[in-house]
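First up is the structure itself, then whatever we jot down about it.
Since every read-out is calculated from the coordinates, none of them should be taken as a lab result. Because the structure is a prediction, the values reported are computed rather than measured. All Cβ positions, even for glycine, are placed from backbone atoms using ideal geometry, and neighbour counts span all protein chains on display.
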């Protein structure tokens, strides 16, 4: 047995689970019906939380491409503002810069496209890609910790609503939770919401929770 695996079998198990879920996600993402249904759910989440500013992500292989849904949301109200993450350097918190469908993009760290608008935005709601998740709203990510650092150093007066985007094929009961793991406020899939959407509060938003990403 590899000594590093013997010393940390839980970490190796998480890597194996991540590999299996990434493969499942690639297959799910190839289904047009699932993609269309997930786009509708994303718009439903935006309507439910009734925010003016939403951050999301530039899609990598197998990740849901939310650009079309966010474009529809932007077109529905001139006040709406969308943004994408910009990595100023490796290992530092992400910034979010304004994005529209017409915004020119450049290649940033990790070879991920970033907007060139230069306008820093503090989103009210943050869409986060999921490798896997469970029904209680816990998420498995890539393990890089970028969203952890970003939320820990969040520049706004309060943390954003956190909404994971995933496919049902990536729902699992095998997530290994750690003491510091806190669920997302919501996870959206092509089939529904986890946890189920609760009535909005008097402020127009559901109660916020922090999250380990």
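Across the stretch 57-117, what fraction of all alpha-carbon pairs, as a whole percent, falls in each successive 10 Å bin from zero upward?
Result returned by the calculation: 21, 53, 23, 3.
How much length, in nm to one decimal, is gained on full extension between residue 52 and residue 40, taken as 0.36 nm per residue of separation minus their Cα-Cα distance?
2.5 nm
Take peptides 159-170, 16-27 and line them up by average Cβ neighbours within 10 Å, highest first, as a rough protection proxy.
159-170, 16-27
Under the Kirkwood approximation applied to all pairs of distinct alpha-carbon atoms, what is the hydrodynamic radius of the stretch 16-87 in Å?
On the way: mean 1/r = 0.0741 Å⁻¹.
Hydrodynamic radius (Kirkwood, Cα only) of the stretch 16-87 equals 13.5 Å.
Using a 10 Å cut-off on Cβ atoms, rank the peptides 185-192, 134-141, 34-41 from the highest mean neighbour count down.
Details: 185-192: 21.8, 134-141: 19.1, 34-41: 17.4.
Highest to lowest by the protection proxy: 185-192, 134-141, 34-41.
If you count the DSSP beta bridges with both ends in the chain, what percent of them are antiparallel, to the nearest 5?
Around 50 percent of the beta bridges assigned by DSSP in the chain are antiparallel ones.
Report, to the nearest 10°, how far helix 9-29 tilts away from the longest principal axis of the Cα atoms in the chain, using its own Cα long axis and a range of 0 to 90°.
On a 0 to 90 degree scale, this one is about 50.
Would you calculate a helix-derived [θ] at 222 nm for the chain, using -39,500 (n - 2.57) for each DSSP H run of n ≥ 4 and dividing by the full residue count, to the nearest 500?
-8500 deg cm²/dmol
Taking the chain as the reference, fit the longest principal axis to its C-alpha atoms, fit the long axis of helix 32-49 to the helix C-alpha atoms, and give the angle between the two in degrees, 0 to 90, nearest 10.
Approximately 60 degrees, to the nearest ten.
Which value results for Rg/Rh of the stretch 17-194 when Rg is the Cα radius of gyration and Rh the Kirkwood radius based on the inverse mean 1/r?
With Rg and the Kirkwood Rh in hand, the quotient comes to 0.93.
So how far apart, in nm, are the two label points at residue 89 and residue 181 if each is 7 Å from Cα heading toward Cβ?
So the two model labels end up 3.2 nm from each other.
Order these peptides, 144-154, 54-64, by their mean beta-carbon neighbour count within 10 angstrom, highest first. Walk me through the intermediate numbers first.
Numbers: 144-154: 16.4, 54-64: 19.7.
The densest-packed peptide leads the list: 54-64, 144-154.
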